[in-house]
Amino acid sequence: MVLAELGGRITRAIQQMSNVTIIDEKALNECLNEITRALLQSDVSFPLVKEMQTNIKKIVNLEDLAAGHNKRRIIEQAIFSELCKMLDPGKPAFAPKKAKPSIVMFVGLQGAGKTTTCTKYAYYHQKKGYKPALVCADTFRAGAFDQLKQNATKAKIPFYGSYTESDPVKIAVEGVDRFKKENCDLIIVDTSGRHKQEASLFEEMRQVAEATKPDLVIFVMDSSIGQAAFDQAQAFKQSVAVGAVIITKMDGHAKGGGALSAVAATKSPVIFIGTGEHMDEFEVFDVKPFVSRLLG
Ligand code: GDP
């Protein structure tokens, strides 16, 4: 189910309650069950949906609400705030500061959009007056360095990588050192993704993180991966200290649930979303406007 469709179904479920004379337990349950079904079909993980349902029932205590209270409005507000809560882990992500070197490491599975997103992130900050630089520590995928180089050149962002060196840790450290010397204040390290969650990928990520000591690790996730989102995000979080999430390909047939699940699994906020293949198809992610838009 695409995001707009999810929002539409939730809104309709709330509106349905206007058609009944009295909003009682039965009407509320019907509404919540429909929302539950819609969220599950949008790939939000089951425990998360269950928790949301319990919380809403706690907030909306029908018996305690005096007659005359606009129950529908109260339910609507509870749903809005629960959806926001699901997307807000309660602590903001690390924000790089100008004129002080920050190291940001990108992790994610191959094809998630990591390399593209690294450049988008660099380009976004460059426009804000930062001095970003890109390091390609993906020695696994042939062509990774060329791709990064091409993107970086287009955006006029300095880059570092090697065609011959096979040790990603060595490249990462060399790149970070070089750009620190060149007074770059945002050093972005792109890592290998491999194609599945395998032990060697996580071990390599751990080593790169240990050697470069990133201020922030960003987990990049393809929005179309469906119910696998929660487990995948959690697996990454268990290996490296993920501090933020970027969801890519939100322009396609994106299921919104992945974003909700990734936040829950990593306890980290979504900071940007990718909305296309181009450099500027990248948006800051804000919880409240996102949920408002979702609910139309
Ligand atoms: P990596 O293997 O994780 O480094 O993934 P890449 O950066 O190579 O991206 C894989 C594919 O996804 C490429 O064809 C990108 O152009 C495409 N891609 C990345 N982000 C987005 C996005 O937000 N929207 C769309 N439509 N495509 C994207």
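The values are calculated or read from the model by the stated rules, or taken from the named source; none is laboratory data. Remember, it's a predicted structure, so these values are computed and weren't measured experimentally. All Cβ positions, glycine included, derive from the backbone under ideal geometry; neighbour counts span all protein chains shown. Heads up: the accessible areas ignore ligands, DNA and RNA and are worked out on the full protein's heavy atoms, side chains in. Shrake-Rupley method; radii C 1.70, N 1.55, O 1.52, S 1.80 Å.
For the list (1) more than 30 Å from Ser162 (Cα to Cα); (2) part of a helix (DSSP H, G or I), I need the number of the one condition that Gly90 fails.
Only one criterion is unmet by Gly90, namely (2).
Across segment 116-134, what is the number of residues that are closer than 20 Å to Val173 by Cα and either open to solvent by 60 Å² or more (accessible area, probe 1.4 Å) or within 15 Å of the chain's Cα centre (by Cα) (or both)?
2
Mind listing whichever residues of segment 96-131 are among the aliphatic types (A, V, I, L, M), away from the ligand (no atom under 16 Å from the Cβ) and either assigned to a helix (DSSP H, G or I) or modelled with pLDDT of 95 or more (or both)? Let's see the steps before the verdict.
Just the residues of segment 96-131 that are among the aliphatic types (A, V, I, L, M), to begin with: 99, 103-105, 107, 109, 112, 122.
Restricting the remaining residues to those that are away from the ligand (no atom under 16 Å from the Cβ) gives 99, 103.
Answer for segment 96-131, where residues must be among the aliphatic types (A, V, I, L, M), away from the ligand (no atom under 16 Å from the Cβ) and either assigned to a helix (DSSP H, G or I) or modelled with pLDDT of 95 or more (or both): just Ile103.
Looking only at segment 204-261, how many residues end up being of a type outside the set (Val, Ile, Thr), open to solvent by 10 Å² or more (accessible area, probe 1.4 Å) and within 15 Å of the ligand (Cβ to nearest atom)?
Counting residues in segment 204-261 that are of a type outside the set (Val, Ile, Thr), open to solvent by 10 Å² or more (accessible area, probe 1.4 Å) and within 15 Å of the ligand (Cβ to nearest atom) gives 10.
Would you mind finding the one in Gly252, Gly226 that is on the phi > 0 side of the Ramachandran plot and not in a strand (DSSP E or B)? Walk me through how you get there before you give the answer.
On the way: Gly252 fails: on the phi > 0 side of the Ramachandran plot.
Among Gly252, Gly226, only Gly226 is on the phi > 0 side of the Ramachandran plot and not in a strand (DSSP E or B).
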